[in-house]
Amino acid sequence: MPTLDFKPIQHPGLILTPHDLDAIKQKVRASAWAKATFDDLIAEADRWTSEGVRIPDRKGQWMHFYACPEDGTHLRTISDTEHRCPACGKTYTGEPYDSVVIRNRHMALGDAAVDLGLAYHLTGDQKYLQTARQIVLGYADRYLSYPLVDKDGKANANDGGRVFCTLLNESNWLIAVCWAYDLIAPDLSTSERRHVCEDMLHPAGAQVIRRRNLKIHNIQCWMNSAMGLAALCCGDGELAHHAIRSETGLEAQLEKGILSDGLWWECSWGYHFYTMSALWPLTEAARQIGLEASPPRYKSLYDAPLRFAFPGLYLPPLNDSGSGVHLPDRCETYEIACARWRDPRHAGLLQNVERRGRLALCFGPPDLAPAPPDTTESVNFPAGGVAILRDQTTLVTLDYGPHGGGHGHPDKLGLILYGAGRVMAPDPGSIQYGVPLHLEWFKTTVSHNTVSVDMSPQKPCAGKLLTFRPGRDAQIASASADDAYPGVRFRRTLALLTNGIVLDLCELSSDEEHVYDYIYHNRGAFSSPLPLRDLSSPIGAGHGYQHIRGPRSARTDGDWTARWDDGDAGVCLAMTGAPGTEVITGIGPGNPPSEMLPLILARRRDRAAQFAVALVVYKNSAPDVQLSLEASGAKAWRVRVQVGDDSRTVELPRY
Ligand SMILES: [Zn+2]
Ligand SMILES: [Zn+2]
């Protein structure tokens with residue numbers, strides 16, 4: 001078995017050394033934000049010390065069960081045994097909910113032990129040491145007695161830890177416990193240290209967590225950090241090699257998991273940031289033993305969100321990513337980035353947030369040299385496969401990238417439209433995975449702004465960028481996704497003109513006849529001059545169609561329009577006519593699912609379908625929009641769009 005030779009850790013020295021602790025004290029004396037953060041830490045440590053340590057005698061349950069079974073809304077904890085849905089008001093008791101609260105307590109205790117260890121070092125106050133000892137030694141006493149089962153109570157399952165029912169949570173927690181142990185180890189006796197290592201840290205890392213391997217994956221990054229820290233604490237060079245240098249170790253994750261454009265390969269901002277949080281404990285610990293696991297790609301993981309962000313530093317929920325990421329809420333790891341790379345753009349992000357939290361205190365430079373983020377240029381992420389067209393007011397994305405693994409959505413060539421200071425046409429994102437609606441709606445094609453064929457979901461696939469022409473009056477991106485539906489050729493071109501005008505051309509063709517649905521969801525109140533009539537509900541038996549409520553439909557051979565009014569702004573849609581078009585409207589779940597969003601499906605049954613659309617973001621009053629399109633030779637379409645008095649003619653590529 002290959003091993004990694006490293007000098008035994010001099011505690012504390014796993015993540016912070018005595019020198020670092022002195023620097024933190026200096027920072028607390030010198031800057032107000034560090035003092036405020038220190039005060040938070042001490043308040044938290046005092047709370048744990050006065051409350052007393054109560055380690056639950058049973059293991060925690062899967063947090064994705066903590067949602068209302070009726071409507072999928074995340075529950076609020078009223079007490080250890082009462083769990084209320086904020087949407088429908090129903091209160092749940094018993095399992096699995098009670099044990100999710102237990103899970104949260106285990107997690108909080110691990111974190112508390114770190115805070116207490118830091119508070120002890122920064123103040124010298126023995127009471128913090130005593131409370132941290134109670135937690136670390138308390139868990140060492142119990143660790144091997146928690147049953148090794150998964151969320152369904154199954155032993156010998158693929159997943160399942162001892163304190164938690166997932167190896168992911170076991171890893172999240174073990175990282176904190178290793179760090180806490182490192183902070184208090186000099187004050188433990190030799191036999192106490194052996195007890196912690198042999199009865200908890202080592203079996204947790206080498207037996208419980210190591211038994212599973214998820215290859216290149218965000219969860220493997222958490223598992224690597226947990227195994228790596230445990231290995232360094234316990235002096236196990238073989239386990240350290242596995243966590244850092246094996247083909248799924250830290251170095252491989254950095255090399256293979258981060259795409260060339262800086263996106264984490266799962267192409268979800270939620271998991272991008274989650275992976276950042278997973279990587280740093282071991283990259284920092286590796287630094288302490290003289291391994292600089294920091295290739296240029298590692299920094300690009302921090303650069304990519306700043307290049308991608310929508311106005312307001314918002315990152316949309318591509319794939320499983322909740323309702324998206326508000327960058328200022330998730331930028332704590334940029335404190336470490338600033339300490340390591342001193343990039344003024346990273347500092348610019350931190351300058352606009354309240355610098356608080358453990359990472360700011362432990363790693364953040366006392367003073368920042370910031371540069372403002374520049375997020376008004378169009379940009380293409382060739383590996384993650386997202387083209388972003390934008391100007392000062394409007395932004396539209398075209399998603400053509402790889403599927404994104406288990407957290408991917410069948411949303412190829414989907415678009416997100418932002419304008420008038422809000423996301424108008426969103427990607428629905430994801431909700432808690434334990435709720436059936438997650439698979440039934442959020443992971444379908446019809447919940448996305450793309451095209452579905454024969455009312456079925458797209459196949460997981462990667463699309464291909466055909467054109468990316470930023471920085472002109474008409475900024476253009478085109479892509480294909482011919483593998484989304486085998487036997488169907490699928491092209492989409494988006495063009496962003498000035499004044500909030502987006503042209504959208506979807507072209508599909510096949511040797512066989514199909515049902516092609518152009519799908520578009522937008523926030524606001526829906527209206528259309530079409531003579532819509534009620535349809536019997538639901539309009540489909542599955543693949544998300546069953547969740548479209550209040551369906552109405554109209555047939556039209558001619559050009560048609562629709563509108564979404566959202567307060568002082570909205571979106572007008574104009575589509576060129578084609579014989580036999582059926583327009584279906586209704587509402588579908590948004591995020592949270594209780595917020596319904598009006599949608600349209602433009603349906604054509606034929607071998608080929610062309611959907612030529614203008615989407616116009618307006619402020620104050622809705623303009624008249626007219627659209628026409630004609631071939632301009634074999635390689636181009638000439639598109640004319642009239643928005644009120646504003647008339648434009650644009651040539652779009654023809655494939
Ligand atoms: Zn509910
Ligand atoms: Zn999605």
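Exposure proxy shown here: for H438, H83, the number of other Cβ atoms within 10 Å sets the order, fewest to most, as H438, H83. Inverting the pair-averaged 1/r between distinct Cα atoms of segment 379-653 gives 18.5 Å as its Kirkwood hydrodynamic radius.
Remark on T581: its backbone amide H falls under 5 Å from those of T556, a criterion applied only to residues 5 or more positions apart or on other chains, H modelled at 1.01 Å from N.
Going from the residue with the fewest nearby Cβ atoms within 10 Å to the one with the most, Y433, Y485 rank Y433, Y485.
For segment 376-388, 3J(HN,Hα) computed residue by residue from phi via the Karplus equation (6.51, -1.76, 1.60; θ = phi - 60°) reads 10, 8, 5, 8, 10, 9, x, 8, x, x, 9, 9, 10 Hz, glycine and proline entered as x. Here the simple spin-label model places points 7 Å from the Cα toward Cβ, and for S536 and R555 these points are separated by 1.8 nm.
In summary, the lysines within cross-link reach of K635, defined as a Cα separation below 22 angstrom excluding same-chain residues under 8 places away, comprise K464.
For segment 642-650, the Karplus equation 6.51 cos²θ - 1.76 cosθ + 1.60, evaluated at θ = phi - 60°, returns couplings of 10, 10, x, 8, 8, 10, 10, 10, 9 Hz by residue, with Gly and Pro reported as x. Derived scalar couplings between HN and Hα for segment 308-325 equal 8, 3, 6, x, x, 6, 9, 10, x, x, 5, 6, 5, 7, x, 9, x, 10 Hz in order, rounded to whole Hz, by the Karplus curve 6.51 cos²θ - 1.76 cosθ + 1.60 (θ = phi - 60°), x for Gly and Pro. Annotation: amide H of V325 within the under-5 Å range of L315, sequence separation 5 or more or interchain, hydrogens built in the peptide plane.
Across all Cα atoms of the chain, the radius of gyration (one decimal) and Dmax (whole number) stand at 27.0, 84 Å. Sorted on the mean count of surrounding Cβ atoms within 10 Å across their residues, most packed first, peptides 470-482, 403-415 read 403-415, 470-482. The protection proxy used here, the mean number of other Cβ atoms lying within 10 Å of each residue, ranks peptides 27-36, 199-208, 251-260 as follows, highest first: 199-208, 251-260, 27-36.
Checking the cross-link pairs K412/K459; K412/K619; K59/K151; K215/K256 against a 18 Å limit on the alpha carbon distance flags K412/K619 as lying beyond it.
Counting only lysines at least 8 places from K127 when in the same chain, those with an alpha carbon closer than 23 Å to its own are K25, K35.
When each of F164, F363 is scored by the number of other beta-carbon atoms lying within 10 Å, the sequence from fewest to most is F363, F164.
Its DSSP H runs of at least 4 residues, each contributing -39,500 (n - 2.57), put the calculated 222 nm mean residue ellipticity of the chain at -9000 deg cm²/dmol, to the nearest 500.
FYI, it's all coordinate maths here, none of it is from the lab. Note that this is a predicted model, so its numbers are computed, not measured. Positions of Cβ are generated from backbone atoms using ideal geometry, with glycine treated the same way; all protein chains shown enter the neighbour counts.
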